[in-house]
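Here is the structure we will look at.
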Amino acid sequence: MRQRLLRGGAGAITLASALLATTALPAGAAPTPATPKIKVRNGETQPVFSRADAVTQTVDVETTVDSDRDGVRDRVRMRLIRPKETDAGLKVATIIEPSPYWAGTHDVPMHPVDIDGVQRKDRAAAKRNLAEVFPGYLDNYYVPRGYAVAQVDSIGTGGSTGCPTSGDRQEQAGARAAVDWLNGRARGWSPDGAPVKATWSTGNVGMTGQSYNGTLPNMAAATGVKGLKAIVPVAAISSWYDYYRANGGVVAPYEFQGEDLDVLAKAVLTRRNPEVCKQVIDEITAKQDRVTGDYSRVWAERDYVGDARRVTAAVMVVHGLNDWNVKVKQSVQWWNALKQAGVPRKLWLHQANHATPVRWRGEEWMRQTGRWFDRFLYDIPNGIDREPRVDIERAPGQWETAREWPVPGTRTVGLALNAGPDGQPGALSPRPRRGAPQTFTDQGRTRTAEQLVVNEDQANPNRLAYLTGALKRPVRINGTPRAAFRASLDGRSPYLTALLVDYGTDTRPTGRRANTTEQFCPGEGVPGDSGCVTRQTHVTETAPYKIITRGWLDVRNRHSISRETPIRPGRLYDLRWDFEPTDYVVKPGHRLGVIVLSTDYDYTLRYTPGTKVTVQPGASKVLLPLARGGREALS
């Protein structure tokens, strides 16, 4: 098994021999080395350079910031590998995977989430399975095709200096610095202190990665840095507020209940002398505000959506429709902002959770991402930007394409929450019908949403349910559903939660994946090589319901996510908020349901039980983005 420089990222393969240009020599002239060339066939760079003979290099790149406040600009460490021909005059583009994870992480205690006046320490620690997140194949695939491939340690991690700050403008400057060095605008040094320049670089740079590794490309692109030509962010953050907050409330990423900006910063603090960052992280703790959940300057510094107009890189957005860690809103709001800014873009939506499709659609993944980088880093007119813009996995292994998303013809349809007879579950209908106010008592601190959505045809004192009849035709929900309720709260919990549920026994993808016995080896890899990834299949389950999506509101933030307005107990308010975006088809014979809760056990802060919630039927509704024919199917 070959020893590899890069432990993770996206791409690996072996090579053929370098293609050297040959020219006729004058009689008697001594032969001179020919300048090596990159070979292109059928619109794609070809594997003609040797991965085994490639040059490896480590560079410490100077940033423009001093996040650890030691009076010296921070440096980010870059480890790169490039074809040996770059030492003989070949100039190549570079694909970077920046990350705070290359040196591993620490287990860090979470914040308490039970709010009852007793500040108990929750000793559960943040654990991130890095092997799942980062399959390694970038270098094996792209180096033979004439690219340099690089890893960059984010500020405050691994071999870099500075302090990790969970997505603020200082970390953004660290991601940008790598692009600047490759374009001759930033200084760099080898580990022995000798100045080093990227004389072999064309200046054209791509970035990719999953999760935090995909967020850093978004961050770099949002600066408008010259030379960053294309990015492929997978399950990436576009606004950290929407990772740790939602509509004024403290809302966790799934499986990381109690995590926040400071916990993540401590988890990735792997630089030497980490104690120098204590004050910096303590300040994050003091300012992140886990009490109100309001949008503030802390979050504005970590919000890149408004900077989409500065993006000059072509962006291929990738996200799992069952990802409740980095939620789908992160990619959808980025996608929409990029559209408004006129940025070249593609979109993949798949049926897994927090994952990269290379594990189950590897050949097509490599074709499209390879052509994406070839098109924008080498200006190869291969037509990838003229193919259908959107790929959607409708069911495990069943993909379809579209020219836009949401699909053309999608309309917003309002479905009223109408009261049922004698306290029974109500109806979900396009025609509102007034009824007496309906109430329930919050017990979400002791019961999960999954426990509260079952037995939908029975009254339940701890939630409200509203259902359509059995559908005669399929209904496709694609886009961002919204809630418009008239409701009141009386008690300690300020949360109102709505769940959109598909009721009907069916076999559906869970979002989880299972390893198979087969390996996919992009490029030069052979089974068993570290450049291969284990193929996976989607895990499905047969169940009587599926929570399609959910949305949360801190009612104190009914007027603005930036400020609270006190709640008068028992007073009805007009409340509006969004669900997480989705693309989901409800089959004929199934029923569509809305379940109303207060506390959502796995996501929101958990106040003491007992809050009384009142909803005004008829005056409350959900607004669903339905593909063509959806309204008629619900009428």
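The values are calculated or read from the model by the stated rules, or taken from the named source; none is laboratory data. Predicted model only: the values in this text are computed from it and were never measured. Glycine gets a Cβ as well: all are built from the backbone with ideal geometry, and neighbour counts include every protein chain shown. To get the accessible areas, we keep the full protein, side chains included, count just its heavy atoms, and leave off ligands, DNA and RNA. Shrake-Rupley method; radii C 1.70, N 1.55, O 1.52, S 1.80 Å.
Rolling a 1.4 Å probe over the protein heavy atoms gives region 466-512 an accessible area of 32 Å² per residue.
If 628, 187, 176 are ordered by their accessible area, calculated over protein heavy atoms with a 1.4 Å probe, which sequence runs from highest to lowest?
Details: 628 185, 187 140, 176 80 Å².
Descending accessible area places them as 628, 187, 176.
Within the shell defined by Cβ-Cβ distances under 10 Å, the residues around residue 191 carry a net charge of -1, with Lys and Arg each +1 and Asp and Glu each -1. Summed over qualifying helices (DSSP H, 4 residues or more, each -39500 (n - 2.57)) and divided by its residue number, the chain shows a 222 nm mean residue ellipticity of -4000 deg cm²/dmol.
The convex hull of the Cα atoms of region 466-610, projected and averaged over all directions, covers 13.3 nm². Inter-part distance, region 139-216 to region 285-335, computed on C-alpha centroids, equals 22 Å. What does the net charge come to around residue 564 if you take all other residues with beta carbon closer than 15 Å to its beta carbon, with K and R at +1 and D and E at -1? Within the 15 Å Cβ shell, the charges total +4. Under a model in which nothing but the beta-carbon of Lys, Arg (+1) and Asp, Glu (-1) is charged, region 36-75 shows a dipole of about 480 debye around its Cα centre. Relative contact order, whole percent, for region 479-635 stands at 43, derived from Cα pairs under 8 Å and 6 or more residues apart. With contacts taken as Cα pairs under 8 Å and at least 6 residues apart, the chain reaches a relative contact order of 16 percent.
Projected onto planes of every orientation and averaged, the convex hull of the alpha-carbon atoms in the chain covers 29.6 nm².
Against the empirical curve 2.2 N^0.38 Å, the C-alpha radius of gyration of region 423-552 lands at a ratio of 1.50. Solvent-accessible area assigned to carbon and sulfur over region 368-512 amounts to 46 percent, based on a 1.4 Å probe.
For the set 521, 163, the ranking by accessible area, highest first and with no ligand, DNA or RNA atoms included, is 521, 163 under a 1.4 Å probe. The heavy atoms of residue 281 offer some 10 square angstrom of accessible surface to a 1.4 angstrom probe. Here the alpha carbons of region 281-395 define both size measures, Rg and Dmax, at 17.1, 53 Å. Given +1 at the Cβ of Lys and Arg, -1 at the Cβ of Asp and Glu and no other charges, the dipole of the chain around its Cα centre is 1380 debye to the nearest 20. Applying D = kT/(6 pi eta Rh) to region 494-571, where Rh is the Kirkwood radius over alpha-carbon pairs, T corresponds to 20 °C and eta to 1.002 mPa s, the Stokes-Einstein value obtained is 125 µm²/s. Residues 594, 72, sorted by accessible area with the largest first, give 72, 594 [1.4 Å probe; ligands and nucleic acids excluded].
Using unit Cβ charges (K, R positive; D, E negative) and no other charged atoms, how large, in debye to the nearest 20, is the dipole of region 409-564 about its Cα centre? Mind dumping the intermediate values first?
On the way: 22 positive and 14 negative charges, 163 e Å.
It comes to approximately 780 debye.
Here each label is just a point 7 Å from Cα along the line to Cβ, and for residue 448 and residue 341 those points are 3.8 nm apart.
Out of the chymotrypsin sites (Phe, Trp or Tyr not before Pro) in region 462-511, which ones are loop residues according to DSSP with at most 14 other C-beta atoms within 10 Å?
Values: sites: 466, 485, 495, 503; in loops: none.
Passing both the DSSP loop test and the Cβ count: no residue.
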